Amino acid sequence: MIIIPIKVEEKRNTMYSDDKIFIKNLPPLSIYIHIPWCVSKCPYCDFNSHSIDPNNIDEELFLKSLRCDLEQSLSLIWNRSIISVFIGGGTPSILSVESIDKILEMIRTYLRILPNAEITIEINPGTVDSLKMKGFKDSGINRFSIGIQSFNNENLKKIGRIHDKQDALNSITKAQDLVENINLDIMFSLPGQTIKNFIYDLKTAKSFNPNHLSIYHLTIEPNTFFSKNLPDDMPDEETSSGMDDLIEIELSEMGMKRYEVSAYSKDKFQSIHNLNYWTFGDYLGIGPGAHSKISFHDKIIRQKRIYNPIIWMNKSIKMDNSHIIENICILKDQLPFEFMLNVLRLKDGVNRRLFKFRTGLSIDVMKERINIAYKNKLLSKNSEKFIATPLGWKFLNDLQMIFIK
Ligand code: SF4
């Protein structure tokens, strides 16, 4: 039996908008599927993930609930094509190959997946072997995103990861045997980590010549174990920023370019799924706690599912939409911020015309805010693109906040 503390989640439902917009062509659409379980909870993690003995997962009920969730969402995305599918978590690779196969079969049955769609699964090196990874590939996965975090056993232990260096090396080797498109997640500023440790992590990652890396600074989020029990050997600010400076130097040597705050890739290997988020595309998220953003010609809506996996399953199978805790229309006034929050994360910015395409609004609605960003030298005066200046890139949060109304 799975025991998870039950939190009452308040329902918000405002499916109306007084502010009319007109979106001529709907944006590209992605699908996100949330798998909420992990073998154990990492002390820094604030994702919707719950530790469980893998033998206790009721995969049949979970799959049935996912199917119900998808069926209840179909009317929102009727007749649209899917550019990417992302199975994330939690630890999706905690599920059996059969379950992942059934999930992808369900997606293909209900939706039109484009032939060149990117289909990613996040894997934790501590939960896979060669056979399992081959099974994932055979079920239609064409991209593995591997949660490596570090190649140093001491550092891995301190952040509560269940895998070690050897598991990490094995999973990368196997992934590269199976598919061309892989991402490695790496973290820095870990407890006890030195600059030398981090250089070793970067060099080891580089030795595999990966085509995509996501590199994150460990941040201490509220309500995590680390927020109440901060390790006493956290690197100081100077060491962390030294690590940060090293990333671009090391990666540019191998033809990798930073294209987003934390994402680096070789040419043509930028993540289709993540780029869709950052260019204010649409996504339907199913599974506990999954979020969606879906455009219609006259409105854009956001949805959130119930976070608790047990409650989400129980509600989803009722087929009365009670698994959806929030269903709101994004107000016209909020669109400039929502748009800029995403697109300014891209190092090369985006074409200014995208604002009209995605929001149905004229750029004039944020003229004043653009001028404030110019005045503060945070936004480039490039007439084609919305792109942060080097100062804006350094103070990205301040730049994004200018667009809040
Ligand atoms: S494996 Fe990932 S999702 Fe699971 S607890 Fe650790 S950081 Fe969170």
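Just a few scattered comments:
- Options Glu118, Glu122; residue that is more than 14 Å from the ligand (Cβ to nearest atom) and not in a loop (DSSP other than H, G, I, E, B): Glu118
- Residues in region 69-93 that are more than 18 Å from the chain's Cα centre (by Cα) and of a type outside the set (D, E, K, R): Leu70, Gln72, Ser73, Leu74, Ser75, Leu76, Ile77, Trp78, Asn79, Ser81.
- Of the residues making up region 109-165, those that are hydroxyl-bearing (Ser, Thr, Tyr) and touching an Asp or Glu at 6+ places or on another chain (Cβ under 8 Å) are Tyr110, Ser139, Ser145, Ser150.
- Wholly within region 159-248, helices (runs of 4 or more DSSP H) carrying at least 3 residues that are open to solvent by less than 20 Å² (accessible area, probe 1.4 Å): 165-178, 195-207
- Boolean, Ser49 is within 17 Å of Ile113 (Cβ to Cβ) and either within 16 Å of the ligand (Cβ to nearest atom) or touching a residue at least 24 places away in the same chain (Cβ under 8 Å) (or both): no
- The residue that is farthest from Gln400 (Cα to Cα), among those in region 324-373 that are open to solvent by less than 50 Å² (accessible area, probe 1.4 Å) and of a type in the set (Phe, Trp, Tyr), is Phe355.
- Taking (1) assigned to a strand (DSSP E or B); (2) open to solvent by 20 Å² or more (accessible area, probe 1.4 Å) in turn, Gln270 satisfies each apart from (1).
- Among the candidates Ile286, Ile294, residue that is buried (at least 23 other Cβ atoms within 10 Å of the Cβ) and in contact with a Leu (Cβ under 6 Å, 6 or more places away or on another chain): Ile286
- Subset of region 381-400 [surrounded by 11 or more Cβ atoms within 10 Å (Cβ to Cβ) and without any contact (Cβ under 8 Å) to a residue 24 or more places away in the chain]: Thr389, Leu391, Lys394, Phe395, Asp398
- Single match in Tyr283, Tyr264 (criterion: free of Cβ contacts under 8 Å to residues at least 60 places away in the same chain and not in a helix (DSSP H, G or I)): Tyr264
- Every residue from region 78-96 that is more than 16 Å from the ligand (Cβ to nearest atom) and either aromatic (Phe, Trp, Tyr) or closer than 11 Å to Ile31 by Cα (or both): Trp78, Ser81, Ile82, Ile83, Ser84, Val85
- Applying the condition of being β-branched (Val, Ile, Thr) and open to solvent by less than 10 Å² (accessible area, probe 1.4 Å) to region 97-111 and asking which residue is farthest from the ligand (Cβ to nearest atom) yields Ile107.
- For Ser30: the one exception among (1) within 16 Å of the ligand (Cβ to nearest atom); (2) open to solvent by less than 60 Å² (accessible area, probe 1.4 Å): (1)
For (1) without any contact (Cβ under 8 Å) to a residue 24 or more places away in the chain; (2) in contact with a helix residue (DSSP H, G or I) (Cβ under 8 Å, 6 or more places away or on another chain); (3) open to solvent by 10 Å² or more (accessible area, probe 1.4 Å), each residue gets a yes or a no:
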{"site": "Leu61", "(1), (2), (3)": "no, yes, yes"}
{"site": "Trp78", "(1), (2), (3)": "yes, no, yes"}
{"site": "Leu95", "(1), (2), (3)": "no, yes, no"}
{"site": "Ile113", "(1), (2), (3)": "no, yes, yes"}
{"site": "Ile121", "(1), (2), (3)": "no, yes, no"}
{"site": "Thr127", "(1), (2), (3)": "no, yes, yes"}
{"site": "Asn153", "(1), (2), (3)": "yes, yes, yes"}
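- Some residue of region 36-44 being over 19 Å from the mean Cα position of the chain (by Cα), within 16 Å of the ligand (Cβ to nearest atom) and among the hydroxyl-bearing types (Ser, Thr, Tyr): yes
- Taking the listed residues Gly147, Gly140, the one that is under 21 Å from the mean Cα position of the chain (by Cα) and within 16 Å of the ligand (Cβ to nearest atom) is Gly147, with no other qualifying.
The values are calculated or read from the model by the stated rules, or taken from the named source; none is laboratory data. Because the structure is predicted, anything quoted here is derived from the model rather than measured. We place every Cβ from the backbone using ideal geometry, glycine too, and count neighbours over all the protein chains shown. Remember, those area values only see protein heavy atoms, side chains included, never the ligands or the DNA or RNA. Shrake-Rupley method; radii C 1.70, N 1.55, O 1.52, S 1.80 Å.
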